[in-house]
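What follows is a short report on a single structure.
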Amino acid sequence: MTMRIGHGFDLHRFSDDPARVLVLGGITIDGHRGLIGHSDADAICHAIADALLSAAQLGDLGQHFPDTDPQWNGVASTLLLREVVGLVHANGWSVANCAVTVLAETPKMKPHRAAIQELLESIVGAPVSVSATTMERLGPIGEGLCLAAEAVALLEKGSR
Ligand code: MG
């Protein structure tokens, strides 16, 4: 059994455009500013996808889905994550688990955590845990200008 750990990080700036919806971990969170990005700017999905690619030594999200490619304009990041899981599987890896930490002053993640975990687990096919922390009102995250997510993923290959 071979195991590999990978790490991903993503950050998106909040938008002042009231038409921009907030999507985190594939779940739409109503009543909050959205994030600016080429896709739906879902930082949770992006961080997990990068952690999976990192663990499999398959580069990063920007390499596979360049933001200069109109094909990915406005795309749901759950679709990108599905593509990444497919790539990981195609390279002989299975996902053992993923863990993601959201760094944000708002929104509070607790009311959305169960729904996000359930959706992400259905995509990744493994346990996913979502935790959150504030930045104590310090820096651009603490001032509410942006939101970030960090993720780790564990992959395994071969028989136990
Ligand atoms: Mg991103």
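The values are calculated or read from the model by the stated rules, or taken from the named source; none is laboratory data. This structure is a prediction, so every number in the text was calculated from the model and none was measured. Positions of Cβ are generated from backbone atoms using ideal geometry, with glycine treated the same way; all protein chains shown enter the neighbour counts. Remember, those area values only see protein heavy atoms, side chains included, never the ligands or the DNA or RNA. Shrake-Rupley method; radii C 1.70, N 1.55, O 1.52, S 1.80 Å.
Table: residues versus (1) crowded, with 18+ Cβ neighbours inside 10 Å; (2) under 22 Å from D60 (Cβ atoms); (3) at pLDDT 95 or above.
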site: N97; (1), (2), (3): no, yes, yes
site: V102; (1), (2), (3): yes, yes, yes
site: T106; (1), (2), (3): no, no, yes
site: E143; (1), (2), (3): no, no, yes
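Among the residues of region 37-95, those identified as more than 15 Å from the chain's Cα centre (by Cα), over 20 Å from V152 (Cα atoms) and not hydrophobic (A, V, I, L, M, F, W, C) are P66, D67, T68, D69, P70, Q71, N73, G74.
State whether one or more residues within region 57-64 are within 16 Å of the ligand (Cβ to nearest atom) and either closer than 20 Å to R113 by Cα or hydroxyl-bearing (S, T, Y) (or both). Within region 57-64, not a single residue is within 16 Å of the ligand (Cβ to nearest atom) and either closer than 20 Å to R113 by Cα or hydroxyl-bearing (S, T, Y) (or both). The residue that is nearest to V95 (Cα to Cα), counting only those in region 14-48 that are in contact (Cβ under 8 Å) with a residue 12 or more places away in the chain, more than 9 Å from the ligand (Cβ to nearest atom) and outside any loop (DSSP other than H, G, I, E, B), is I48.
Every test in (1) more than 13 Å from the ligand (Cβ to nearest atom); (2) open to solvent by 10 Å² or more (accessible area, probe 1.4 Å); (3) over 19 Å from T101 (Cβ atoms) is passed by I5 save one, and that test is (3). Of all residue pairs spaced 6 or more apart or on separate chains, those with beta-carbon atoms under 8 Å, a first member in region 108-136 that is farther than 15 Å from N97 by Cβ and a second member that is open to solvent by 50 Å² or more (accessible area, probe 1.4 Å) and assigned to a helix (DSSP H, G or I) are A132/K110; A132/R113.
Taking (1) farther than 18 Å from F9 by Cα; (2) touching a strand residue (DSSP E or B) at 6+ places or on another chain (Cβ under 7 Å) in turn, N91 satisfies each apart from (2).
Taking the condition over 12 Å from the mean Cα position of the chain (by Cα) and more than 30 Å from G142 (Cβ to Cβ), does P107 pass?
No, not satisfied.
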